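What follows is a single structure, written as structure tokens, with notes after it.
The values are calculated or read from the model by the stated rules, or taken from the named source; none is laboratory data. Because the structure is predicted, anything quoted here is derived from the model rather than measured. Here Cβ is always computed from backbone atoms with ideal geometry, including for glycine, and neighbour counts include all displayed protein chains. Side chains are part of the model used for accessible areas, which takes the heavy atoms of the whole protein and leaves out ligands, DNA and RNA. Shrake-Rupley method; radii C 1.70, N 1.55, O 1.52, S 1.80 Å.
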Amino acid sequence: MATMVLIILLLILLGYLIIRKTLEIKKTRILDKIKEDYQTILFNYLNGGKLSRELQTDTGVKKKAVEQLLGKFSELLEEKQIDDRLTAFAEQHLGNLYKKRLRSRSWSIRMNTLSYIDDFRMKSLLPLIIENLESASSSNEEKTLALRILASFQEPKLIGYLNRFSFLSDSDYRNILLRLDQKLFDLCVLNYHNGHENMKYAILDAIGLKKDLAYSSFLNHIFNSSQGEEKIRSMKAIVNLGYIKDPEQFIPLAESGRWEERMIAARVFGIVRDSHFIPLLIGLLHDQNWWVRSEAAASLLFIPGGREILSDISKYDEDRFARDMAWEWLHKGVI
């Protein structure tokens, strides 16, 4: 009897799975058919502004089809007029649906909705996004995505949120800050000293990535007035700008107790390409840290006469590690 009951239960389960799979296949086929019918119509609207009555979103599956097509087009089409039409269409046909989804109990539904709002630039939903951002029940992942959306919308409140939250990763902060226009990014820089350390690091990193020489004086001020990781980040940003206003200020760092500072000093001397720094680079080529030695060897190759110096070191120097590093960079062919 037990075996028979088990077999019956397994058959029922199998039947349920077959029926469910069949329904899923049917739904997928219907969805694909709608997408096929709508694709050209929707593209023509986005490209030319002519909207056909055939394009309807009166059912859930039609909304899903339009959502997926808009997601595809948002990645491919970049012209501003097209973007504006895409946003307007999304707000009209998906806005109410997304309002409900943002209040869903399902984390995945809320995350997917936020992602679509970001892709479609649906600014009309900004109040709800801020509401979710301030909700204690929102996950850190939701907050991070919401902050990215606020950055895309150039929302001034973003700065306060960034200074309040410290759970974001370095890449999250950079992603958010690099979305800002010049005006709002400048406001972040003006509020630099009010931020927590992660926010400060992110601003310095973003300046380095922007490579905007307008921030050169600011970076030099941070370099001369800070210590530790903040100082290192400011140094990296200065190096990324490619403009060293006062290379002499980096000379003391060649004897710093932190290998990161010695490494960046070696990089700076290579950027300046002044033979005045050759003795310092030779000293750094004998550093106990591999990264410092490597940067010093690379910088010597950029300085007139540096290749000959590396050649001599690779043959005659008593320090085996310095010899090996000099030989390695000579054979990398960097000129």
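Annotations for the structure displayed:
- Counting only heavy atoms of the protein chains and using a 1.4 Å probe, Arg110 has close to 30 Å² of accessible surface.
- Overall form of segment 288-335 per C-alpha gyration tensor (a/c, 1.5; a/b vs b/c): oblate
- Highest to lowest packing among 281-294, 218-231, scored as the average C-beta count within 10 Å: 281-294, 218-231
- Computed magnitude of the charge dipole of segment 251-335 (debye, nearest 20; Cβ of K, R +1, Cβ of D, E -1): 200
- Note, ³J(HN,Hα) from phi for segment 124-132, Karplus 6.51, -1.76, 1.60, rounded to Hz, x at Gly and Pro: 5, 8, 4, x, 5, 5, 5, 4, 5
- Selection from Ser216, Ile130, Ser171 lying farthest towards where the dipole of segment 128-217 points positive, charges on Cβ: Ser216
- Couplings for segment 155-164, taken from phi via the Karplus curve 6.51 cos²θ - 1.76 cosθ + 1.60 with θ = phi - 60°, read 7, x, 4, 4, 4, x, 5, 5, 6, 7 Hz in order; Gly and Pro are left as x.
- Rounded, prolate or oblate (a/c below 1.5 giving rounded, otherwise prolate when a/b exceeds b/c) for segment 227-280 by Cα gyration tensor: oblate
- Rounded, prolate or oblate (a/c below 1.5 giving rounded, otherwise prolate when a/b exceeds b/c) for segment 255-335 by Cα gyration tensor: oblate
- Cα principal axis extents for the chain, largest first, Å: 83, 60, 42
- Positive-end ranking of Leu76, Trp107, Ile30 along the dipole of segment 29-117, with charges on Cβ about the Cα centre, is headed by Trp107.
- Distance between modelled label sites at Leu209 and Ile109, nm, 7 Å Cα→Cβ extension: 3.3
- Candidate residues His193, His93: accessible-area rank, largest first, probe 1.4 Å: His193, His93
- Phi angles of segment 227-232 translate, via the Karplus equation with coefficients 6.51, -1.76, 1.60 and θ = phi - 60°, into HN-Hα couplings of 9, x, 4, 4, 5, 5 Hz per residue; Gly and Pro are given as x.
- Whole-percent carbon and sulfur share, accessible surface of the chain, 1.4 Å: 54
- Using a probe of 1.4 Å, the accessible surface attributed to Met263 totals some 20 Å² when neighbouring protein chains are kept in position.
- Rg over Rh, two decimals, segment 120-195 (C-alpha only, Kirkwood Rh): 0.93
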